[in-house]
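First up is the structure itself, then whatever we jot down about it.
The values are calculated or read from the model by the stated rules, or taken from the named source; none is laboratory data. Not measured: the values here are computed from a predicted model. So basically every Cβ, Gly included, is an ideal-geometry build from the backbone, and we count neighbours across all protein chains shown.
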Amino acid sequence: MNRELARDIILSIIIILAQLLIFNHMNLFGTINPFIYVSLFILYKTSYDKTYLIIFGFLVGLIIDLSMQTYGIHTLASITVCYLKEKIEKYSFGVNSILPLAMISGTQLTNRITYFLIIIFLHSLIYFSLIFFKLEFTLTIFLYTLINSIVNFIIIWIISKLIFDK
C-alpha cells in the first residue's frame, strides 16, 4: 500500500472519529454544529479518482447519519459536495485545479479561501434546507447556514493548516 494512501486513510478515520465522539455532541448557542468531516472532501487529492470521492462521500455521510439518526441528510449533502467538487475546484483555482496539491501550495490565499467557503457553504445550505424543508423557514435556513459556515470554515482552516503545514 502506498504510504501516502495509508496516511490519508488513518487521517480520515481520525477525523470521522473526532466528528462522532466530540463534534456531534457540540451544540454551541443552540445553532452551531461543527461538521469537521467536510474537511475530508476539501482535502481529497485531485489525483485520486472522482468516483472514489463520491463513494467515500456516501460512506462518510452514511456513518454520520447512522450515528446522529438524521435520515440521510448528511449523506445527501456529502454526495452533492463530492459531485460538485471538481467544478468548484475549476472555479476557484482555474488552471491550477488539475495539479495534485494545487489547493495546498502554489495558489493564492484568496483562491483557497474561496474554495473552502464554497464547499462549506454548499454543504451547510443543503443540510439546513433538508432539516427545515419549508418555504417559511428560508430566513432561518440562511441564518443557520451563514453562522455554521463561518464556524466550520474557521475550524476546517485550522485543521488543514495543522495537517499540511510542516
Taking interchain pairs and intrachain pairs at least six residues apart, which have beta carbon atoms under 9 angstrom, with the first residue in the range 135-157 and touching a residue at least 12 places away in the same chain (Cβ under 8 Å) and of a type in the set (S, T, N, Q) and the second surrounded by 17 or more Cβ atoms within 10 Å (Cβ to Cβ) and not in a helix (DSSP H, G or I)? Asn148/Asn33; Asn148/Pro34; Asn148/Phe35; Asn152/Asn33; Asn152/Pro34; Asn152/Phe35; Asn152/Ile36
One residue is enough: does the range 92-99 have a residue meeting the conditions closer than 30 Å to Thr140 by Cβ, outside any helix (DSSP H, G or I) and at pLDDT below 90? no
For the range 107-116, name all the residues that are surrounded by fewer than 18 Cβ atoms within 10 Å (Cβ to Cβ) and closer than 14 Å to Val151 by Cα. Ile113
For the range 46-63, the count of residues that are exposed (fewer than 15 other Cβ atoms within 10 Å of the Cβ) and either of a type in the set (Phe, Trp, Tyr) or under 15 Å from Glu89 (Cβ atoms) (or both) equals 5
Of all residues being over 14 Å from Leu84 (Cβ atoms) and more than 14 Å from the chain's Cα centre (by Cα) in the range 47-61, which is modelled with the lowest pLDDT? Just the residue, please. Ser47
When residues of the range 118-138 are limited to those that are in a helix (DSSP H, G or I) and surrounded by fewer than 17 Cβ atoms within 10 Å (Cβ to Cβ), the one modelled with the lowest pLDDT: Leu135
